[in-house]
Amino acid sequence: MFSVGIDIGTTSTKAILFDENGKMYGKSLKEYPINRPSPAMREQNIQEIFNAVITTLSEVSKLAKDLKGEVSFVSFSCMMHSIIAVDENCNPLTECIIWADSRSVDYAEEYKNNGKGIELYKRTGTPCHPMSPLYKIMWIRDNQPEIFNRTYKFISIKEYILYKFFNEYIVDYSIASATGMFNIYDFKWDEEALRLAGIKESQLSKAFPTTYYIKGMNEKYQILTGLNNNTVIVLGGSDGCLANLGSNGIEVGSAVVTIGTSGAIRVVSDKPMIDSEGRTFCYILTEDKYVSGGPINNGGMVYRWFRDNFSQKEIEEADKLNIDPYELINILVENTKVGSDGLIFLPFLTGERAPYWNANLRGAFVGISDIHKRRHFARAIVEGISYAINDVFQVLKELTDKIDVIYVNGGFTKSKLWIQILCDILNTNIVVSNNYESPCLGAVMLGMVAVNKVKDFSELSYMLEDGDRYTTTEAKELYEELFNIYQEIIFSSMNVLEKLAHFQKNKIS
């Protein structure tokens, strides 16, 4: 018997086939784009994502059959903060509005300033930021009333897929807890949040624990996916929560850093961990485990921006050598001194989430002089992204006991140099998680508890594999000095960066 962990991410959907011992047998991946109708908007085509789910499930279920087995259960991981308005027949009235969308920035700023935002955060765990579906619904209400008035349900992309499969509107506590409308203490939709949004509880899905499962998929999709009537579908959770589970980061004293398109640092606690200043999130993993931390908007996407716009030489050379251009860009980084000779990068190309929750922040290179060359800019980008992670880490250290080890995963772990830079900037030992696709693995681990294969996560340690270990070097002292300057730059230039953001919003179409 096999199981499948499927992760509906920002840029792709991945489905991975595991056996009962946690061995990975194969993976299917299907990518899709992010659409940008305006500078503030970030949307995705719902059908493209749905097709990716169907395609990846069908490919791994076929592999299971080729191996003379079948899929016993599928467990879902999914990106947070997506919102879709649908009519009575679940026909979309909007595209899938994703976490990176900032059209509702004015609403988030209003609630941050009037004090209601922090009160909502203290009950829901979702910071006051335009990523929150709560503020996106407010924007639709006031700017697209014809859509708002026709909306039967406001749902996430995972809920849309589950409705297609089972004709039921259901959502897991983990995804619900990232909407800004779900009380993480009593596991119910928050009445005040709904009132402020102008919607009824009936316009949202019924919420269930992350271990809840369902069978009896619609026959049409059984045929398309290769699954059968007895295949169990586990609701699962959000990608961030499951990444911690799949990276061995659910014990006290540990944290997990993920840097992919964006990035995050997270810890797990047995009760909600709320920051009085609203600098971190707190989402539900299970009914007795909560994941707290903070995401940064700008992770690998910033490195990709540098590659696409300033690394034509490396792209052309990599094509000749049949290697990844990042390998050559990494050489630029390696051949540059620690600290980039005083060049500091604020990596806010798409605003920032934790710990500032300010969609109007903008990126900047600070300290440029005539000694700086392109390689300095490359290294400053890697260091800037790592400073952003450290900014959140400092808050977590205020809220929790001492963190002795950090597990890392995501695309950045392909670079040993980047891991060492992060290790020195965080001034904490790092262990690379060899469970590269940690949200998918976390989803399967959750599924095994859900279907009673095991009693709790402690029985699944055999599925987790640690890789290389990193300890700090003398560079940590220089990085501590530069990080303090990094923070000073942000606080001293925040008003200017916000003015530039408003200029871009009003003058650029």
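The values are calculated or read from the model by the stated rules, or taken from the named source; none is laboratory data. What you see is a predicted model; the values in this text were computed from it and never measured. We place every Cβ from the backbone using ideal geometry, glycine too, and count neighbours over all the protein chains shown. To get the accessible areas, we keep the full protein, side chains included, count just its heavy atoms, and leave off ligands, DNA and RNA. Shrake-Rupley method; radii C 1.70, N 1.55, O 1.52, S 1.80 Å.
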Has the range 287-304 got any residue that is surrounded by fewer than 21 Cβ atoms within 10 Å (Cβ to Cβ) and more than 27 Å from the chain's Cα centre (by Cα)?
no
Considering (1) closer than 25 Å to residue 216 by Cβ; (2) touching a residue at least 24 places away in the same chain (Cβ under 8 Å), say which one residue 137 fails and leave the rest.
(1)
Can you name the condition, by its number, that residue 89 falls short on among (1) crowded, with 23+ Cβ neighbours inside 10 Å; (2) at pLDDT 95 or above; (3) outside any helix (DSSP H, G or I)?
(1)
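Residues are listed down the side, and each one gets a yes or a no for (1) touching a strand residue (DSSP E or B) at 6+ places or on another chain (Cβ under 7 Å); (2) at negative phi:
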| residue | (1), (2) |
| --- | --- |
| 387 | no, yes |
| 410 | yes, no |
| 437 | yes, yes |
| 451 | yes, yes |
| 466 | yes, yes |
For residue 341, state whether it is open to solvent by 40 Å² or more (accessible area, probe 1.4 Å), without any contact (Cβ under 8 Å) to a residue 60 or more places away in the chain and in contact with a His (Cβ under 8 Å, 6 or more places away or on another chain).
yes
Filter result for residue 281 (hydrophobic (A, V, I, L, M, F, W, C) and under 21 Å from residue 388 (Cα atoms)):
yes
Is there any pair with a first residue in the range 459-477 that is in a helix (DSSP H, G or I) and a second that is of a type in the set (S, T, N, Q) whose Cβ atoms are under 7 Å apart and which are 6 or more apart or on different chains, and what are they?
476/427
If we scan the range 401-409, do we find a residue that is in contact with a helix residue (DSSP H, G or I) (Cβ under 6 Å, 6 or more places away or on another chain), open to solvent by 10 Å² or more (accessible area, probe 1.4 Å) and touching a residue at least 12 places away in the same chain (Cβ under 8 Å)?
no
For the range 305-313, check the following and say yes or no: at least one residue is outside any helix (DSSP H, G or I), in the same structural domain as residue 480 (by the TED database) and within 28 Å of residue 178 (Cα to Cα).
no
Among the residues that make up the range 158-170, is at least one of them under 15 Å from the mean Cα position of the chain (by Cα) and under 21 Å from residue 282 (Cα atoms)?
yes
Which of the residues that make up the range 249-279 are crowded, with 24+ Cβ neighbours inside 10 Å, farther than 21 Å from residue 209 by Cα and over 14 Å from the mean Cα position of the chain (by Cα)?
255
When only residues in the range 137-178 that are of a type in the set (Lys, Arg) and out of contact with any Asp or Glu (no Cβ under 7 Å at 6 or more places or on another chain) count, which is surrounded by the most Cβ atoms within 10 Å (Cβ to Cβ)?
158
Evaluate the range 95-103: report whether one residue or more is in a strand (DSSP E or B), touching a helix residue (DSSP H, G or I) at 6+ places or on another chain (Cβ under 9 Å) and open to solvent by less than 10 Å² (accessible area, probe 1.4 Å).
yes
